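The structure follows.
The values are calculated or read from the model by the stated rules, or taken from the named source; none is laboratory data. Bear in mind the structure is a predicted one, so any value in this text is a computation, not a measurement. For neighbour counting, all protein chains shown are included, and Cβ atoms are generated from backbone atoms with ideal geometry for every residue, glycine included. Side chains included, ligands, DNA and RNA excluded: accessible areas come from the protein's heavy atoms. Shrake-Rupley method; radii C 1.70, N 1.55, O 1.52, S 1.80 Å.
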Amino acid sequence: MASFARPWLFIAALSSGVFGCATLGGAQGKDLVTLRYAWPEQSTIRVMHTVDVRTDWSGRQTAQRRYAMRMGPVDGEGRRRLVFQDVEIIEAPFPAFVEPLAASIIDAKGDFQGIDPLEDGPGQDLLDALPVSPMKKAQMAKALSNGLEREARNRWNEWVGIWHGSRLKPGRTEVVATTMSVGTGRKKTEEVPAEERVRLDVGVPCSESVPEPRCVKLKLVREPAGQTDETKGRYAHVELELVTDPATLLPYSSRVIRMDRVDWNGGRGEPDFHEAVHVEVHTFIHGVEGPPGQVAAVQL
């Protein structure tokens with residue numbers, strides 16, 4: 001979280017460092033569900049992506065775009081490229097929302113390996129159009145590349161990376177000790193001990209268009225240790241809800257919610273608490289060809 005006075009910066013921070021390092025050992029015993037990564041080659045998925053930001057100091061803002069994702073084919077080392085195409089910006093009050101989506105490199109196990117070099121993608125076009133010195137442009141290129149890779153890694157980890165290979169008992173909540181970032185002022189944060197709770201439910205309809213109950217719902221909640229929704233004072237809450245096919249980890253919907261309550265005075269004098277809630281939703285349609293406008297009927 002770079003600044004509580006600039007809410008659009010939360011788009012890149014919704015999941016930054018939140019889910020990327022999660023580990024799930026799985027429960028012991030019978031009746032476990034194993035989550036497997038098996039995206040088919042040449043997968044085509046249409047995506048509707050919405051970000052809804054609500055703060056008590058600037059009201060509500062919503063950004064929305066849609067695009068196509070294409071996976072494959074496999075290279076000589078078993079890696080695949082996840083490419084984003086046909087991006088259509090519907091609404092974008094946040095500058096970060098119009099940044100390009102970098103092609104991701106995924107290995108045979110389903111782990112994120114990096115992104116295509118910046119000079120091979122649309123990000124270079126943005127830099128070439130800027131009237132700045134070569135040194136400044138090189139600095140900006142590095143910062144943009146790092147940001148695009150961080151965003152791509154977080155996105156993949158939310159959908160696949162932290163889940164594949166996990167073995168979970170349906171209906172049981174597993175608890176893992178971890179850390180999370182909590183705001184200590186307008187522009188300051190700190191890492192604090194936290195608790196992560198993970199639950200899997202089975203027999204879930206995949207979507208309105210795919211009503212068969214063959215999907216699972218995964219819910220991950222992270223809060224500072226010893227705190228709940230009823231906590232007074234500063235507070236943070238992050239949750240991820242994913243509906244996916246356990247046999248392939250092809251996602252059907254993903255929702256990330258982050259809530260922050262921060263003392264803008266940073267503990268100096270009378271507290272001045274402010275709240276922000278950020279909701280990011282991805283809705284996926286599989287095997288759809290044609291123009292991206294076909295996803296317009298998706299209800300969010």
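Suppose all protein chains stay in the model; what accessible area per residue would a 1.4 Å probe give for segment 44-111, in Å²? Please report the intermediate quantities before stating the final value.
Values: 2930 Å² over 68 residues.
For segment 44-111, the per-residue accessible area is 43 Å².
Give me the accessible area of ILE45, 1.4 Å probe, in Å² rounded to the nearest 10.
The accessible area of ILE45 comes to roughly 0 Å².
Segment 198-240: percent of C-alpha pairs farther apart than 11 Å?
Details: 633 of 903 pairs.
When all Cα pairs of segment 198-240 are counted, 70 percent exceed 11 Å.
Using a 10 Å cut-off on Cβ atoms, rank the peptides 180-187, 37-44, 73-80 from the highest mean neighbour count down. Could the numbers behind the result be given before it?
Details: 180-187: 18.8, 37-44: 14.1, 73-80: 11.4.
Order by mean packing, descending: 180-187, 37-44, 73-80.
Under a crude label model (7 Å from the Cα following the beta-carbon direction), how far is TRP57 from ARG268 in nanometres?
Result: 1.5 nm between the two label points.
Would you mind working out the magnitude of the charge dipole of segment 170-287 relative to its Cα centre, with +1 at each Lys and Arg C-beta and -1 at each Asp and Glu C-beta, to the nearest 20 Debye? Write down the numbers at each step before the final one.
Numbers: 16 positive and 20 negative charges, 31 e Å.
I would put it at about 140 debye.
Moving to a separate point now. Tell me, what ³J(HN,Hα) does each residue in segment 252-263 have, in order and in whole Hz, if you take phi through Karplus 6.51 cos²θ - 1.76 cosθ + 1.60 with θ = phi - 60° and put x for Gly and Pro?
10, 7, 9, 9, 10, 10, 10, 10, 10, 10, 10, 7
Report the FRET efficiency, 1/(1 + (r/R0)^6), for GLU230 and ALA138, where r is their Cβ-Cβ distance and R0 is 45 Å, rounded to 0.05.
Working: r = 49 Å, r/R0 = 1.10.
Computed FRET efficiency for GLU230 and ALA138 comes out at 0.35.
For every other residue with a beta carbon closer than 13 angstrom to the beta carbon of ASN154, add +1 if it is Lys or Arg and -1 if Asp or Glu, then tell me the sum.
Details: positive: ARG150, ARG153, ARG155, ARG258; negative: GLU149, GLU151, GLU158, GLU280.
Within the 13 Å Cβ shell, the charges total 0.
If you don't mind, there's one more thing I want to ask. Considering only the other residues whose Cβ falls under 13 Å of the Cβ of PHE97, what net charge follows from Lys and Arg at +1 and Asp and Glu at -1? Please list the in-between numbers first.
On the way: positive: ARG65, ARG66; negative: ASP52, GLU88, GLU91, GLU99, GLU151, GLU280.
Residues close to PHE97 contribute a combined charge of -4.
Which value does Rg/Rh take for segment 155-270 over its C-alpha atoms, Rh per Kirkwood?
1.07
Let me ask something additional. Enumerate by residue number the GluC sites (Glu not before Pro) in segment 212-243 meeting two conditions: DSSP loop (anything except H, G, I, E, B), and at most 11 other Cβ atoms within 10 Å of the site's Cβ. Walk me through the numbers before you get to the answer.
Values: sites: GLU230, GLU239, GLU241; in loops: GLU230.
Hits after loop and neighbour filter: GLU230.
Additional query: Using the Karplus curve 6.51 cos²θ - 1.76 cosθ + 1.60 with θ = phi - 60°, what ³J(HN,Hα) values do you get for each residue of segment 243-251, in whole Hz, with x for Gly and Pro?
9, 8, 8, x, 7, 9, 6, 6, x
On to the next question. Over segment 170-287, give the accessible area per residue in Å² for a 1.4 Å probe, as an integer.
Working: 5470 Å² over 118 residues.
It amounts to 46 Å² per residue over segment 170-287.
Alpha carbon centre of segment 250-285 versus segment 139-193: separation in Å?
Segment 250-285 and segment 139-193 have Cα centres spaced 14 Å from each other.
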